[in-house]
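Just below is one structure, and these are the notes that go with it.
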Amino acid sequence: MNNKGNKKYNLVSLFAGIGGFELGFKPIANTVLMCEIDKVAQHVLRSNLSKIPIVDDVRDLSVLPPNTDIVCAGFPCQDLSSVGIKKGLSGSRSSLIWEVFRILEINRPEWVIIENVSFMLRLNAGEAIRTITSEFERLGYKWAYRTIDSISFVPQHRNRVYVVASLNNDPRNVLLSDMSFELTRTIDYSVFKEPIGFYWTEGKNALGLISNGIPTLKAGSTIGIPSAPAIIYPSGEIFTPDICDAEGLQGFPNDWTLPAEEISKASLRWKLIGNAVTVNTVAWIANKIINPKKYDSTKDVPFVLDNIWPKSAWNVGNGIYVSNTSIYPQKRHTNLVDFITHEKHPLSIKASSGFLKRLDSGRLKHPDYFRKAIIMHINTLNQR
C-alpha cells in the first residue's frame with residue numbers, strides 16, 4: 001500500500017512522549033490517537049496537539065481505531081540503555097514492547113515503526129532486537145532495521161535503531177535504500193577551527209567530543225536536573241545552550257516544551273527533550289514511505305544468529321541478511337552555529353574547574369588546544 005500523496009494515512013502513536021513521531025509524520029499522516037502515561041508529557045501534547053485524543057496507559061488500549069495505517073512506538077529504553085539497569089525486555093519499562101505486539105495480534109496496520117537505543121543490539125547478545133524481529137515475522141510482517149545517527153539531519157550525535165515493518169511493502173526500500181553516505185565527526189587535533197560539543201559532567205571516563213555538533217541530548221536525572229551539553233568555541237568561550245536551542249537540535253519548534261512549566265519545574269523540559277525522538281529523522285522515514293527507492297541487496301550476506309547483531313539488517317521472507325548501509329542516510333548539511341540562536345549560558349567557574357580536574361586526572365585523548373581553551377575560559381570568568 002503506497003499512498004503516493006493521494007491521501008493522508010491514519011497514525012497511532014504509542015509511547016508518544018512529546019510528539020516527535022506526530023510532527024515527523026504530519027506531512028503524510030493524521031495522528032488519530034496517542035498513548036502516553038507521563039503527566040507532564042501529556043500536558044505538552046495537549047497544549048500543542050489538542051485535537052488528538054490521548055490514552056493514559058498502553059495497557060488500557062484494547063484495539064486500534066478503525067483504518068489505522070501506521071503504528072509508531074518509541075518504547076521505553078531504561079532497561080536497554082548502556083547507562084541503565086540493563087534488564088532488557090524483562091525490565092519493568094522496556095517490557096512494555098509486549099503491549100505493542102498484543103495490539104498487533106488484534107489489528108494489523110500496514111506499517112509499524114519502532115525506535116530505541118542502539119545498545120539493544122549488544123545487550124544480552126541482542127535479545128531485544130532478536131525478539132522484536134521474531135515477533136514481526138510471526139505476525140506476518142517483513143522488516144528492516146537500521147542504526148541512524150541524527151547528525152545526518154541535525155548537529156547532534158544520536159545513534160538510534162529504527163525498525164520499519166510492513167505487511168505488503170518492502171521496508172528495505174524505505175529504510176535502507178539511501179545508503180552510500182559516510183560522514184565524519186573526527187576532531188582536528190592540529191587546528192581549532194569549529195565549535196566542539198562535549199559533556200562537562202564527564203571528564204574521567206568519557207568526553208563525547210563532537211566536532212561542529214553536540215553529543216546525545218540526555219534525559220538527565222529523575223528529579224529534573226538539566227543534562228545539557230557544553231559547547232566550546234575556538235575563542236575559548238564555553239557555554240551551555242538554551243532550552244529552545246535544545247528543542248531545535250531535536251527538530252522541535254521553539255518553546256514546544258514550554259507548557260511543561262505550567263505543571264512542573266522548568267528543568268524537567270530537558271528530560272522531555274532527551275527522551276524524545278529526533279523529528280527530522282522521523283520525517284525522513286515518513287517521506288520514504290511515500291517515495292520509496294529500490295534497495296540494492298546484492299552485496300548483503302546472510303546473518304548467522306550466533307554473531308553480534310549488525311547495525312542494519314532485514315528479512316523480507318527469505319531469512320535475515322546483514323545490510324551494508326551506513327548510519328548516515330543523507331549528506332550532512334547543518335552547522336551547529338546555525339542552531340544556537342538564543343541566549344548562551346556561560347559554563348560556571350565551578351563547573352569548568354571541576355571538568356578540568358577530571359580531565360587532567362584521566363587518560364582520555366583530547367586535543368591540546370581543548371584543555372588550553374578551558375583554562376582560558378576559567379581565567380576570563382575570574383577576571384570579571
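The values are calculated or read from the model by the stated rules, or taken from the named source; none is laboratory data. Not measured: the values here are computed from a predicted model. Counting neighbours? That spans all protein chains shown, and the Cβs are built from the backbone with ideal geometry, glycine included.
Counting only residues that are surrounded by fewer than 20 Cβ atoms within 10 Å (Cβ to Cβ), under 19 Å from the mean Cα position of the chain (by Cα) and either among the charged types (D, E, K, R) or modelled with pLDDT of 85 or more (or both), the stretch 183-210 holds 2 of them.
Scanning the stretch 91-106 finds one or more residues that are at pLDDT 90 or above and aromatic (Phe, Trp, Tyr). Look through Ala283, Ala260, Ala246, Ala276 and report the one residue that is within 22 Å of Thr341 (Cβ to Cβ) and without any contact (Cβ under 8 Å) to a residue 40 or more places away in the chain. Of Ala283, Ala260, Ala246, Ala276, the one residue that is within 22 Å of Thr341 (Cβ to Cβ) and without any contact (Cβ under 8 Å) to a residue 40 or more places away in the chain is Ala246.
Ala313 - would you say it is out of contact with any Lys or Arg (no Cβ under 8 Å at 6 or more places or on another chain), within 29 Å of Val71 (Cα to Cα) and crowded, with 19+ Cβ neighbours inside 10 Å? Yes: the conditions hold for Ala313. Annotation: of all residues in the stretch 105-138 being free of Cβ contacts under 8 Å to residues at least 40 places away in the same chain and surrounded by fewer than 21 Cβ atoms within 10 Å (Cβ to Cβ), the one that is farthest from Ile285 (Cα to Cα) is Asn124. Lys294 fulfils the conditions (1) in contact with a helix residue (DSSP H, G or I) (Cβ under 9 Å, 6 or more places away or on another chain); (2) free of Cβ contacts under 8 Å to residues at least 40 places away in the same chain; (3) not hydrophobic (A, V, I, L, M, F, W, C) except for a single criterion, (2). Here the condition is being closer than 30 Å to Ala29 by Cα and either assigned to a loop (DSSP other than H, G, I, E, B) or not aromatic (Phe, Trp, Tyr) (or both); of Ala351, Ala283, it holds for Ala283 alone. Quick one: Lys39 ticks every box in (1) more than 20 Å from the chain's Cα centre (by Cα); (2) buried (at least 19 other Cβ atoms within 10 Å of the Cβ); (3) in contact (Cβ under 8 Å) with a residue 40 or more places away in the chain except a single one, so which number is it? Looking at each condition in turn, Lys39 falls short on (2). Being surrounded by 23 or more Cβ atoms within 10 Å (Cβ to Cβ), among the aliphatic types (A, V, I, L, M) and without any contact (Cβ under 8 Å) to a residue 60 or more places away in the chain, is that true of even one residue in the stretch 139-159? Within the stretch 139-159, none of the residues are surrounded by 23 or more Cβ atoms within 10 Å (Cβ to Cβ), among the aliphatic types (A, V, I, L, M) and without any contact (Cβ under 8 Å) to a residue 60 or more places away in the chain. Only one entry of Asn307, Asn324, Asn318 meets the criterion of being assigned to a loop (DSSP other than H, G, I, E, B), without any contact (Cβ under 8 Å) to a residue 60 or more places away in the chain and closer than 22 Å to Asn159 by Cβ, and that entry is Asn307.
Check whether at least one residue in the stretch 366-377 is aliphatic (A, V, I, L, M) and under 28 Å from the mean Cα position of the chain (by Cα), and report yes or no. Within the stretch 366-377, none of the residues are aliphatic (A, V, I, L, M) and under 28 Å from the mean Cα position of the chain (by Cα).
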